[in-house]
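These notes concern the structure reproduced below.
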Amino acid sequence: MDRCIVLVDAGYLLGAAASLLAGEPSRSRITVDHTALIQGLRERAESDTERPLLRIYWFDGAPDRVPQPEHRRLRVMPRVTVRLGALTRSDGRWAQKGVDAAMHAELTELARNRACSDVVLVTGDGDLLPGMMAAKEHGVAVHLWAVQAADGDYNQSEDLVAEADERRVLDRTWITKAVRAKELTGVCAPPPAPRPEIAAILSAPLPESALATGADQARQAPAPHPVGAAGGQENGERVPAAKGVPTPKDLAALRGPGTQPAKEPANATLRWSSDKGWVDRPGTPAESAEVAALPTLAQLTTAEQRWADREEDITTVGGDPYEVGQVFARRWMARLPEQHNLQKLSTMYPRIPHRVDGELLRYAARFGLLAHKDDQIDEHDRYAIRAGFWREIDVRTAAEHAPAGE
């Protein structure tokens, strides 16, 4: 039939784009506008083949073949079909499994069934050579597209290039219509200039003087009671050596048994948004029963709202950690039955009630923030997620208490 089909090896396309724009093939170094990318592929395919598009097949890897946020957005786009292979980790590196085999099977099946007259392949892997040859034998014209190589050389199999009927290069100008390199800021969070609340959370570790003071107080403390038979030792253990940035647990240890807490700089606790292991400082209000009992977003969400939320997550939420925190806070605040609790919550800054904080991080995990990171959200991403949450809380409470007319 006189139609064209595009088969995209996402690992090749986005990896090569990252090499071209960011200097290394890591997809984490680029930001992709998938809507613009799909539209660009469609227009280019219809122009090059002079055939209307039937479908774009997007082949990619995913941990346990579970669709990531970008895959969920792609598969609801018109004329886009997503096929997922496995993404496995070996020797500290991630590798796709089954993607080439899936592309080969799809290519040969489409050609055998005469579903199209032209196939566009966006790939560089020589493993597709048998599939390309089979498609040609069934009378299908094969167009091979390459991403411009950073060093000006080929980034495709030479045999694949030789066998193709038509060849094109997606150059930097075309790529940058939908892909851009992320700016390096030194941290895995948005630049601090336009978002000072993140800069505060990421700023200055606890000064060494405070650590030394706490350690001295712990050493000068009276001898404590024995731990007990199960402990097997007296409670004169050493205070743990200070890390670059102490955790709340470290700060608690520095207080020492039977001593007054060490004086902590006011900005030290900005590192910690959860109440797990929290060390209260003078002037910090304890979490009230009302705040601790605040309902979670799941408790406030109806089945209809849950469906609408998922649609919004798929189609409009980009997955930036700061943005994720904002979206969560916006929904949560809008559904709270008693808005006066927000003012009480704001007095707890920067601590988020434990139940809400846990739900916030679980929500963030939906956006692929766990992928490629040993199934843990990156430390700086957690700061940005919580900073986005607090930014929305601050905006709402400030608006409610602004003088009339402002």
Inset, instruction - Determine whether residue 64 is free of Cβ contacts under 8 Å to residues at least 40 places away in the same chain and outside any loop (DSSP other than H, G, I, E, B). - result: yes
Inset, instruction - State yes or no: is residue 27 of a type outside the set (A, V, I, L, M, F, W, C) and under 16 Å from residue 178 (Cα atoms)? - result: yes
Inset, instruction - Test residue 340 against the criterion of being modelled with pLDDT under 80 and more than 18 Å from residue 321 (Cα to Cα), and give yes or no. - result: yes
Inset, instruction - Could you list, in sequence order, all residues of the stretch 29-53 that are part of a loop (DSSP other than H, G, I, E, B) and basic (Lys, Arg)? - result: 51
Inset, instruction - Could you please find all residues in the stretch 130-167 being outside any helix (DSSP H, G or I), surrounded by 15 or more Cβ atoms within 10 Å (Cβ to Cβ) and not β-branched (Val, Ile, Thr)? - result: 141, 143, 144, 145, 146, 148, 149, 150, 155, 156, 157, 164
Legend entry - Selection count, the stretch 51-110, where residues are in contact with a His (Cβ under 7 Å, 6 or more places away or on another chain) and over 17 Å from residue 127 (Cβ atoms): 7
Inset, instruction - Kindly list the number of the only condition in (1) at pLDDT below 80; (2) farther than 17 Å from residue 359 by Cα; (3) in a helix (DSSP H, G or I) that fails for residue 318. - result: (3)
Legend entry - Residues within the stretch 1-28 that are over 28 Å from residue 135 (Cβ atoms) and either at pLDDT 95 or above or not in a helix (DSSP H, G or I) (or both), tallied: 3
Inset, instruction - Go through the residues of the stretch 98-111 one by one and say whether even a single one is assigned by TED's automatic domain parsing to the domain that holds residue 10, farther than 20 Å from residue 45 by Cα and crowded, with 21+ Cβ neighbours inside 10 Å. - result: yes
Legend entry - Where a residue in the stretch 150-179 is within 16 Å of residue 23 (Cα to Cα) and its partner, wherever it lies, is among the charged types (D, E, K, R) and surrounded by 14 or more Cβ atoms within 10 Å (Cβ to Cβ), with Cβ under 8 Å and at least six apart: 179/33
Legend entry - Test: residue 326 is under 30 Å from residue 26 (Cβ atoms), at pLDDT 80 or above and part of a helix (DSSP H, G or I): yes
Legend entry - Among residues of the stretch 56-76, those that are crowded, with 17+ Cβ neighbours inside 10 Å and either closer than 24 Å to residue 45 by Cα or polar (S, T, N, Q) (or both), counted: 12
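The values are calculated or read from the model by the stated rules, or taken from the named source; none is laboratory data. Note that this is a predicted model, so its numbers are computed, not measured. Here the Cβ is made from the backbone with ideal geometry for all residues, glycine too, and neighbour counts use every protein chain on show.
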